[in-house]
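What follows is a short report on a single structure.
The values are calculated or read from the model by the stated rules, or taken from the named source; none is laboratory data. Keep in mind the model is a prediction, meaning the values are calculated, not measured. Here the Cβ positions follow ideal geometry from the backbone for every residue, glycine too, while neighbour counts run over all protein chains shown.
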Amino acid sequence: MSEHLVPQTARITDIVKETPDVKTYSVQFSSGEAFSYLPGQCAMLSLPEVGEAMFSISSSPTDSPMEFSIKEAGSLTEKFHRLEAGWDVGIRGPYGNGFPLDMIRDKDLLFIGGGIGLAPLRSLINYCLHHREMHGDVHIIYGARSPQDLVFKRDLFENWPECERVRVDVTVDAGDEDWDGPVGFVPPFLEELDPDPKGKVAITCGPPIMIKFVVQSLDKMGYEHKDIVTTLEKKMKCGVGKCGRCNLGSKYICLDGPVFTMDQLDKLPEDY
């Protein structure tokens, strides 16, 4: 049986509470060595007698340990949020195609994230910053419902802004008395910033409704669909093309995606 179909045991070594309903878990594999993966790929996490589900890997393959950022949204994720450091979980993978690294080489990069959608983008952002000489300017635009819902705050406000040729802009749907930054939804915020499409690849991930309007905004700003990259990972279930849940026209999201250019998606049925 292929190795990526067999769960490996991994121990949770650290847990960071990102928001009231998102936690980031660092894991150490019992074998001592994690499987190799690409930014944007996913893995199946499992708890005995509870179940399993697909999650983005939120760490870069250039970093250690491997990390997963999990939003509490159902019975399995509720159980994950009760775990503490020292507990063991099952992990199998990697699944999916990952982000197109050859396509973004030597390009300026525009990352547009919303909510927990910053998790897979974080993997690619940190990968690109590790290989800084291979990429041009990096512009990160991110939004969440409120200041309390911003994930990876240390990256957003400390680590990334300190890097060479990196710009970070953050907005929230609704501020509070302590928030003095921009307020508004991501698509109009993107249009207000109006980043030049010349020589640039835009990579977006977030709630499907956000992605829809972000792409419309990018259209207005002159971005070509071949230069817009997004993910459809919410449609993934089994990860190996057997359950049929992620079938989209001639494609299986778990095998042919979850990462696509909009140029590729334009050729598929509009039910994503």
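When only residues in segment 37-53 that are touching a strand residue (DSSP E or B) at 6+ places or on another chain (Cβ under 8 Å) and closer than 17 Å to Glu78 by Cβ count, which is surrounded by the most Cβ atoms within 10 Å (Cβ to Cβ)? Only one residue fits best here, namely Leu45.
Being surrounded by fewer than 17 Cβ atoms within 10 Å (Cβ to Cβ), within 27 Å of Ile141 (Cβ to Cβ) and among the hydroxyl-bearing types (Ser, Thr, Tyr) narrows it down to one residue among Thr62, Thr9, Thr77, Thr24; which is it? Answer to the selection: Thr62. Check segment 156-163 and report whether any residue there is in contact with a Leu (Cβ under 6 Å, 6 or more places away or on another chain) and either within 12 Å of Phe111 (Cα to Cα) or free of Cβ contacts under 8 Å to residues at least 60 places away in the same chain (or both). Yes. Each residue in segment 1-37 was checked for being of a type in the set (Asp, Glu) and assigned to a strand (DSSP E or B), and 2 of them qualify. Among the residues of segment 247-263, is any assigned to a helix (DSSP H, G or I) and at pLDDT 90 or above? Yes; the residues of segment 247-263 include at least one that is assigned to a helix (DSSP H, G or I) and at pLDDT 90 or above.
Identify, please: which residue in segment 239-252 is without any contact (Cβ under 8 Å) to a residue 60 or more places away in the chain and either of a type in the set (A, V, I, L, M) or out of contact with any Gly (no Cβ under 9 Å at 6 or more places or on another chain) (or both) and is, among those, nearest to Leu38 (Cα to Cα)?
Only one residue tops the list, namely Gly241.
For segment 62-74, a residue qualifies if it is assigned to a strand (DSSP E or B) and either in contact with a His (Cβ under 8 Å, 6 or more places away or on another chain) or of a type outside the set (Ser, Thr, Tyr) (or both), and the qualifying residues are Met66, Glu67, Phe68, Ile70, Lys71. Exactly one residue among Lys79, Lys107 is assigned by TED's automatic domain parsing to the domain that holds Leu129 and in contact with a Gly (Cβ under 9 Å, 6 or more places away or on another chain), and that residue is Lys107. For the residues Tyr142, Tyr127, the requirement of being modelled with pLDDT of 95 or more, in a helix (DSSP H, G or I), surrounded by 16 or more Cβ atoms within 10 Å (Cβ to Cβ) and of a type in the set (Ser, Thr, Tyr) singles out Tyr127.
Residues being part of a loop (DSSP other than H, G, I, E, B), under 18 Å from the mean Cα position of the chain (by Cα) and among the small types (Gly, Ala, Ser): count how many of those fall in segment 182-224. Summing the residues that are part of a loop (DSSP other than H, G, I, E, B), under 18 Å from the mean Cα position of the chain (by Cα) and among the small types (Gly, Ala, Ser) in segment 182-224 gives 1. Checking each residue in segment 250-272 for being in contact with a Leu (Cβ under 9 Å, 6 or more places away or on another chain) and loosely packed, with under 13 Cβ neighbours inside 10 Å picks out Ser250, Pro269, Asp271.
Here is a yes/no grid of residues against (1) of a type in the set (Val, Ile, Thr); (2) outside any loop (DSSP other than H, G, I, E, B); (3) closer than 22 Å to Ala144 by Cβ:
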site: Ser60; (1), (2), (3): no, no, yes
site: Leu76; (1), (2), (3): no, yes, no
site: Lys79; (1), (2), (3): no, yes, no
site: Gly90; (1), (2), (3): no, yes, no
site: Asn97; (1), (2), (3): no, no, no
site: Ile116; (1), (2), (3): yes, yes, yes
